[in-house]
Amino acid sequence: MENIFEKLKNFIPEIKENVSLKSYCTFRIGGSARFLLETGNYEMVIKAISFCNENNIPFYIIGGGSNLLISDKGFDGLVIIYRKKFNEIKISKECFNKIDDDKYEVNIESAMFLSDAVAQVSSLGFTGFEWAAGIPGTVAGAINGNAGAFDGAISDCIIDVKALQVFDKKIEIKIIEKNNCNFSYRSSLFKENNEYIIISAAFAFKKNNTENIKNKIQENIKRRAGKHPKGFSAGSIFKNYEGIIDNKLFKKYPELEKFQERGVVPIGYLVEKCNLKGTRIGDAKISDEHGNFIINLGQAKSDNILKLIVLVKKEVKSRFGIDIREEIKYLG
């Protein structure tokens, strides 16, 4: 009798079995996927998901693998690596359509790396993506978590999102207008609802002098390099805190009042005041440079990371009386 892997491989020859997931995430942590498919073709994604639905196989989609912690136990199902190689997709001037006096619309595939999209859009003299210079991951991942930096976010320039909706074993293609994407700080409809798989998005950009754009990108890359520690990490572990802080703490921590006025309290600041920077469990370490980063020093286990996350949440709650939430997602 044909086993499930043989059946799956006959259906999609590109499928592999028992593949380590470490190299598919920026943390470089994780066990093996029972099955794995690498593709940048959304029609192949539909085909794979249809097979999984018909055969009751769980599936999970990974883009660039940032903002993700994979269990050392791996994933007992199909992992789809949905991304295209750098420069595999070309954005040309002909891809842009004028929509009013100073705005141009362009559709960008979600499997494209964000850094690649930034480079191509900016080199053509279109502004609006400079904030994203140096951010890892794919366009899909950036939309999923409403990625942002330096007072910009991907939702600022989105018109609509094209996505697969997988519901009750049915797959439909939907065009979701920006107002219905539920974009908020580091979140969206797509992050909070696993029914949706982003295929592409329509963006609006303005024209600008390429030299001005280039200078802004270089400035942002320098700022990012100065703030973000080097090493294997998933990026920011927690969302910055947007709630209310007890004003009794302002006397001891005067910076909190300023943060409160701005509406956002940086998690890195809270971790530092809890004296947790540099804390290490196994080969996982809270960065000495930035308290919202956990670094895999080389051989960290997913459990090491989880224990540091629990520790940070506990200490911040104890000292500041607030609950903080993860920005990263979990697999396994």
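We did not get these values from a lab; they are worked out from the coordinates using the rules stated. Quick caveat, the model's predicted, so the values are computed rather than measured. Note that each Cβ is placed from the backbone with ideal geometry, even for glycine, and that neighbours are counted across all protein chains shown.
Between PHE51, PHE27, PHE150, find the one with the highest GNM mean-square fluctuation for the chain; connect C-alpha pairs within less than 10 Å. In the Gaussian network model the winner is PHE150.
Relative contact order of region 247-331: what whole-number percent is it, with Cα pairs under 8 angstrom and at least 6 residues apart?
20 percent
Here r is the Cβ-Cβ distance between SER318 and ASP151 and R0 is 45 Å; the resulting FRET efficiency, rounded to 0.05, is 0.90. Highest-first packing order for the peptide set 95-101, 134-140 is 134-140, 95-101, based on the mean count of other beta carbon atoms within 10 Å. Subtracting the Cα-Cα distance of SER123 and LYS98 from 0.36 nm times their residue separation leaves 7.2 nm of extension gain. Local charge for GLY128 was computed over the other residues whose Cβ lies under 9 Å away, with Lys and Arg +1 and Asp and Glu -1, and equals -1.
Grab the Cα-Cα distance for LYS85 and LYS16, subtract it from 0.36 nm times how many residues apart they are, and report the gain in nm with one decimal.
Computed gain between LYS85 and LYS16 is 23.0 nm.
Taken one residue at a time, the phi angles of region 198-214 give Karplus couplings (6.51, -1.76, 1.60, θ = phi - 60°) of 6, 9, 6, 8, 9, 10, 10, 10, 10, 7, 7, 5, 4, 5, 4, 5, 4 Hz. Gly and Pro are set to x. Estimated from the Cβ-Cβ distance and a Förster radius of 45 angstrom, the FRET efficiency linking VAL264 and LYS170 is about 0.70.
Rg/Rh for region 230-332 stands at 0.98; both radii use Cα atoms, and Rh follows the Kirkwood definition. Model label points for PHE250 and GLU219, set 7 angstrom from Cα along the Cα-to-Cβ axis, are 3.2 nm apart.
Taking a Cβ cut-off of under 12 Å around ALA225, the surrounding Lys, Arg, Asp and Glu residues balance to a net charge of +3, with basic ones at +1 and acidic ones at -1.
Can you give the calculated 222 nm mean residue ellipticity of the chain, where each DSSP H run of n ≥ 4 adds -39,500 (n - 2.57) and the sum is split over every residue, rounded to the nearest 500 deg cm²/dmol?
So the helix-based figure for the chain works out to -8500 deg cm²/dmol.
What does a probe at LEU306 reach in region 314-332, counting residues whose amide N is under 13 Å from the point 7 Å along Cα→Cβ? Only 330-332 pass the distance filter. Measuring nothing but how far apart in sequence close Cα pairs (under 8 Å, 6+ apart) lie, relative to its length, the chain scores a relative contact order of 17 percent.
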